[in-house]
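The values are calculated or read from the model by the stated rules, or taken from the named source; none is laboratory data. All values derive from a computational prediction rather than experimental measurement. In this analysis, Cβ positions are derived from the backbone assuming ideal geometry, glycine residues included, and neighbour counts consider all displayed protein chains. Please note that ligands, DNA and RNA were not included when accessible areas were found on the heavy atoms of the full protein model with its side chains. Shrake-Rupley method; radii C 1.70, N 1.55, O 1.52, S 1.80 Å.
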Amino acid sequence: MGRLNGKVAVITGSGRGIGQGIAVKFAQEGAAVVVCDLDAGPAQETVDMIKNAGGKVALCTGDVTKREDAEKIIKTALDEFGGIDTLVNNAGITMDAILHKMSEKQWDIVVDVSLKGSFLMSRAAAPHIKERGGGTIINFASVAGLMGNPGQTNYSSAKAGNVGLTLSMARELAGDNIRVNVIAPGFINTRMTQEKKEGDTLGIPKELRDAAIAAIPLKRPGEPEDLANMVLFLCSDEGNYLTGQVINMDGGLYMKRFM
Ligand code: NAP
């Protein structure tokens with residue numbers, strides 16, 4: 001018996017990175033998964049991984065910042081699998097610049113994908129999760145949203161916003177038996193944190209990357225699978241008394257100081 005047998009999950013940004021890790025893990029545990037991403041190419045790779053392992057999967061491309069696309073993604077779960085139990089708002093991007101060089105466009109895109117996307121997707125999904133008698137929503141924050149990061153005023157603000165969004169949704173939706181939690185990853189090995197080479201738009205220059213890893217108490221980056229294991233726990237029955245929690249998955253990078 002898988003820990004998610006009979007459940008239906010929608011995972012945004014699941015064409016690569018952490019989202020792909022969650023989608024594959026959920027399918028292994030028996031969930032029917034809707035893989036959604038901006039581009040069909042990477043999304044198809046995740047779909048093939050799940051299909052080849054005998055899992056249940058459907059694909060829906062779409063932009064989480066657009067209301068019609070958010071609604072189309074949720075409708076895919078209803079049409080293909082008859083409902084939705086879990087939504088994972090994983091899609092997120094970075095466009096770094098120091099404050100005085102940060103354009104409005106850089107601000108708007110990053111905040112829209114990470115924060116407005118979580119709102120639009122959750123608003124479209126919640127009534128249908130309620131129809132199933134309850135379920136789970138996972139949002140994605142970041143250590144940058146809890147402790148700040150130079151060059152990331154847009155990203156930190158969006159990620160801090162996901163904490164507020166989660167806490168309010170957790171209170172509003174508890175009566176519908178919908179649990180809402182937020183993961184705050186630290187430094188996880190994906191495209192977002194890869195070593196930036198000449199001409200790359202994403203990634204982190206080697207010196208900054210080395211310094212970031214050195215600052216982690218566990219002295220190593222996390223892997224998408226580490227995040228997938230936590231999201232699985234939160235969305236399975238094992239996590240059924242957890243709601244409104246910020247879960248730091250960061251090798252100890254952000255520790256609250258109590259004294
Ligand atoms: P990633 O490898 O860059 O993957 C992000 C995925 O989101 C991509 O598949 C991307 O699609 C998709 N996406 C981007 N904009 C979208 C949109 N408008 N609509 C739908 N999908 C969209 O990133 P990751 O490292 O796995 O990050 C996953 C989540 O964890 C993000 O919320 C990120 O902010 C958060 N996080 C990551 C780290 C880390 O160290 N990696 C740390 C803290 C928080 P395309 O490939 O088509 O662009």
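Between K51 and E207, the simple label model (points 7 Å from Cα in the Cβ direction) yields a spacing of 4.7 nm. Straight distance only, please: which aspartates and glutamates reach the Cα of K219 with their own Cα at less than 20 Å, same-chain residues fewer than 8 apart left out? In chain and number order, the partners are E195, E207, D210, D250. Across region 25-30, rounded Karplus estimates of 3J(HN,Hα) from the backbone phi angles (6.51 cos²θ - 1.76 cosθ + 1.60, θ = phi - 60°) give 4, 4, 5, 4, 8, x Hz, Gly and Pro being marked x. Peptides 38-45, 205-212, 158-165, 17-24 ranked from most to least packed by the mean count of surrounding Cβ atoms within 10 Å: 17-24, 158-165, 38-45, 205-212.
The HN-Hα couplings worked out from phi for region 213-227 by the Karplus form 6.51 cos²θ - 1.76 cosθ + 1.60 (θ = phi - 60°) are 5, 5, 7, 7, x, 7, 6, 7, x, x, 10, x, 5, 4, 5 Hz, whole numbers, x standing for Gly and Pro. Pairs K101/K206; K101/K130; K159/K197; K105/K130; K72/K256; K25/K196: which exceed 32 Å Cα-Cα? Result: K101/K130; K105/K130; K72/K256 exceed 32 Å. Accessible surface of region 59-198, 1.4 Å probe: 51 percent of it comes from carbon and sulfur atoms. Quick one: check the C-alpha center-to-center distance for region 51-82 versus region 125-181, whole angstrom. Using only Cα atoms, the two centres lie 20 Å from each other.
Annotation: amide H-H contacts under 5 Å for A58 (H modelled 1.01 Å from N, sequence separation of 5 or more, or interchain): V33, V34, V35.
Ranking F26, F81 by solvent-accessible area of protein heavy atoms (1.4 Å probe, all protein chains present), from largest to smallest, gives F81, F26. In order along region 237-247, the Karplus-derived 3J(HN,Hα) couplings, from 6.51 cos²θ - 1.76 cosθ + 1.60 at θ = phi - 60°, round to 4, 4, x, 6, 10, 10, 8, x, 9, 9, 9 Hz, and Gly and Pro are given as x. Solvent exposure of region 8-256, expressed per residue, is 46 Å² of accessible area, with all protein chains present and a 1.4 angstrom probe.
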